[in-house]
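Remarks on the structure that follows.
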């Protein structure tokens, strides 16, 4: 029987395997929309196309009446997750200290940081980042994760210094590691020049895959990459990634070069070079 909010307040909520799956996803991606959590909860019962739409945080009206939606609110009432409301965005959630404690026996100081605040200015990008990550890990079974800025040693003028290395939106750890950038708005040519230069200093990154969210975005980034001699840049429209459940072709700055992620349609996989 589904526990009610009253049951939760009495301390009677018993976490299920599905609950742990949702909490673990929040730990991995930082913030998830209610549609994304519903998609995780229903992944075993929905067709792939329906799961992808929920991973991109689209919900049907009837979804709010499902047991998994009520369970999400029970987890919030029980203090396992924090809810964040926005004016133009469905509710989103982050993991609480209690939720972290259910996932790890590590001391609090060694666990991931808790997100108490979520910026409304950044939430659209955050949820797209989570959407791409969910498709990569849950559907294509890729070893993808968020990346955080790092302090690294760099040599300049014969001296070594600490430098803050920027982070990709996502990284796929494999024999040929790939960075993923989710680009929802256009940057200036100078910004792209700086970003491409930063990736040149990351020799382990075999390719940088851009997913663009505005009309003509893919062609614009490829143009910049060709002008700035960045052969490691590959681009695909975010909508195409969504339509194909990640089984899309990323076109390269070098004419004829493409990347298709593992787990894609075998007919498309032959296009990779």
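Just so it is clear, none of the values below were taken in a lab; they were calculated from the coordinates. Keep in mind that this is a model prediction, so the values were computed, not measured. All Cβ positions, even for glycine, are placed from backbone atoms using ideal geometry, and neighbour counts span all protein chains on display.
Things to note:
- Between residue 219 and residue 17, the contour length at 0.36 nm per residue exceeds the Cα-Cα span by 68.4 nm.
- Ranked list, fewest to most other Cβ atoms within 10 Å of each Cβ, for 247, 226: 226, 247
- Added length on full extension, which subtracts the Cα-Cα distance from 0.36 nm per residue, residue 176 to residue 47: 43.4 nm
- Ascending count of other beta-carbon atoms within 10 Å, so fewest first, for 91, 178: 91, 178
- Cβ-based exposure ranking for 122, 127, 46, in which fewest neighbours within 10 Å come first: 122, 46, 127
- Each peptide in 92-98, 187-193, 81-87 receives the mean, over its residues, of other Cβ atoms within 10 Å, and ordering these scores from highest gives 92-98, 81-87, 187-193.
- Residue 116 versus residue 186: modelled label distance in nm, points set 7 Å from Cα along the beta carbon direction: 4.1
- Between residue 201 and residue 229, the simple label model (points 7 Å from Cα in the Cβ direction) yields a spacing of 1.9 nm.
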